[in-house]
Amino acid sequence: MKIQSITSNSVVYTYDSLKEYLTNVFVIETSSKVFVVDTFCGSKSMEPILNRINTHYKSKEIIVINTHFHWDHVWGNVSFKGHDIISHELCRKLLEEQWETQLESNQQFIEGSAEKCLPNLTFKDKLIFHEEGIELFYSPGHTIDSISIFDH
């Protein structure tokens, strides 16, 4: 895994344990919140991110964003039980329908626990965190449920 600061308030964790491709997890810090964008392959893969949050951002609200339903972007949700997990409404629907199938087909990639933990907040077109300058918007492309994040 490679850790790189992108801006003064954002860090990208690039996981290379899946041989065919890289998966990125972003952490964006704002004045009152920490946004975790995608959660990779299970609870163990989220340990470095949780360590960073516990060291640097203890008092801030944690919000997880799932950009799409693929297993290598959501299995770490279990590490954030009790926190808001946000996705597009189609993402939640697809996760509900396909979690078990994706788990069975890709179980060799589980890192720690990959207990089913679905988004508890969804949106259709756009969701804006005005004070934080974070905008989530529906942008199908890679998958039908894909979203993008704009950090103003």
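At a glance:
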| quantity | calculated |
| --- | --- |
| Extreme residue, surrounded by the fewest Cβ atoms within 10 Å (Cβ to Cβ), among residues of the stretch 121-152 that are closer than 23 Å to W71 by Cβ, of a type in the set (A, V, I, L, M, F, W, C) and in contact (Cβ under 8 Å) with a residue 60 or more places away in the chain | I149 |
| Residues of the stretch 23-41 classified as within 16 Å of G82 (Cα to Cα) and of a type outside the set (D, E, K, R), total | 4 |
| Selection from the stretch 69-87 of residues that are touching a helix residue (DSSP H, G or I) at 6+ places or on another chain (Cβ under 6 Å) and either surrounded by fewer than 21 Cβ atoms within 10 Å (Cβ to Cβ) or within 22 Å of Y21 (Cα to Cα) (or both) | F69, W71, G76 |
| Residue list for the stretch 69-111, restricted to those being within 19 Å of V37 (Cα to Cα), in contact (Cβ under 8 Å) with a residue 12 or more places away in the chain, in a loop (DSSP other than H, G, I, E, B) and not basic (K, R) | F69, H70, V74, H83, I110, E111 |
| Any hit, the stretch 47-62, residues being touching an Asp or Glu at 6+ places or on another chain (Cβ under 9 Å), surrounded by fewer than 22 Cβ atoms within 10 Å (Cβ to Cβ) and in a strand (DSSP E or B) | yes |
| Residue match in the stretch 133-149 (condition: over 22 Å from L22 (Cβ atoms), part of a helix (DSSP H, G or I) and touching a His at 6+ places or on another chain (Cβ under 9 Å)) | no |
| Top-ranked residue in the stretch 3-46 [being of a type in the set (D, E, K, R) and out of contact with any Asp or Glu (no Cβ under 7 Å at 6 or more places or on another chain); ranked as nearest to K60 (Cα to Cα)] | E29 |
| Test: residue in the stretch 108-121 that is modelled with pLDDT of 95 or more and on the phi > 0 side of the Ramachandran plot | yes |
| Among the residues listed as V36, V11, the single one being touching a residue at least 40 places away in the same chain (Cβ under 8 Å), part of a strand (DSSP E or B) and surrounded by fewer than 20 Cβ atoms within 10 Å (Cβ to Cβ) | V11 |
| Residues of the stretch 23-33 satisfying the condition of being surrounded by 13 or more Cβ atoms within 10 Å (Cβ to Cβ) and assigned to a loop (DSSP other than H, G, I, E, B) | T30 |
| Residue tally, condition more than 27 Å from S31 (Cβ to Cβ) and among the hydrophobic types (A, V, I, L, M, F, W, C), over the stretch 118-149 | 2 |
| Residues (more than 17 Å from W75 (Cα to Cα), touching a helix residue (DSSP H, G or I) at 6+ places or on another chain (Cβ under 6 Å) and not polar (S, T, N, Q)) located in the stretch 113-143 | K124 |
| Residue within the stretch 51-59 that is β-branched (V, I, T) and within 22 Å of F123 (Cβ to Cβ) present | no |
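The values are calculated or read from the model by the stated rules, or taken from the named source; none is laboratory data. This is a predicted model, so every value here is computed, not measured. As a convention, Cβ positions derive from the backbone with ideal geometry for all residues, glycine included, and neighbour counts pool all protein chains shown.
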